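Only the coordinates and a few stated rules stand behind these numbers; no lab work does. Being a predicted model, the structure only gives us computed values, none of them experimental. Cβ: placed from backbone, ideal geometry, glycine included. Neighbour counts: every protein chain shown.
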Amino acid sequence: MNAPASPPTPAPDKPAADIAAPPGARATQAHNPLHGVTLEAMVVALADYFGWQGLGERIPVRCFQSDPSVSSSLKFLRKTPWARAKVESLYLFMLREQRRKAPDAP
């Protein structure tokens, strides 16, 4: 019988992402700061940066204000596109703030 085809192995000088990604896929996402960032990573980063209270003040939804947790927030945000858009927007704002406050690299 035919054995299943194994995935292509990357050449030593070529990263595996170049083989798996369709042509031009990397170029289209090169400047997207949300590319590859999970919703959970966004919520955790926002909670660390602003705190749950600060997050609840900036995005007034119950999952951030009343007994907040990452899991309850993810359940709500996955079902509510407008709230997810606000979280993504606040995450981008946080990244800009961090970049602005970061000392200049040598």
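Work through the residues other than MET42 whose Cβ is under 15 Å from its Cβ and net out their charges, Lys, Arg +1 and Asp, Glu -1.
Numbers: positive: ARG58, LYS75, ARG78, ARG84, LYS86, ARG96; negative: GLU40, ASP48, GLU88, GLU97.
Residues close to MET42 contribute a combined charge of +2.
Extension gain ALA30-PHE76, at 0.36 nm per residue separation less the Cα-Cα distance, in nm?
13.6 nm
Subtract the Cα-Cα distance of GLN98 and GLN65 from 0.36 nm times their separation in residues, and report this length gain in nm to one decimal.
Between GLN98 and GLN65, full extension yields 9.5 nm more.
All other residues with a Cβ under 14 Å from the Cβ of ILE59 taken together, and with Lys, Arg as +1 and Asp, Glu as -1, what is their net charge?
Local net charge: +2.
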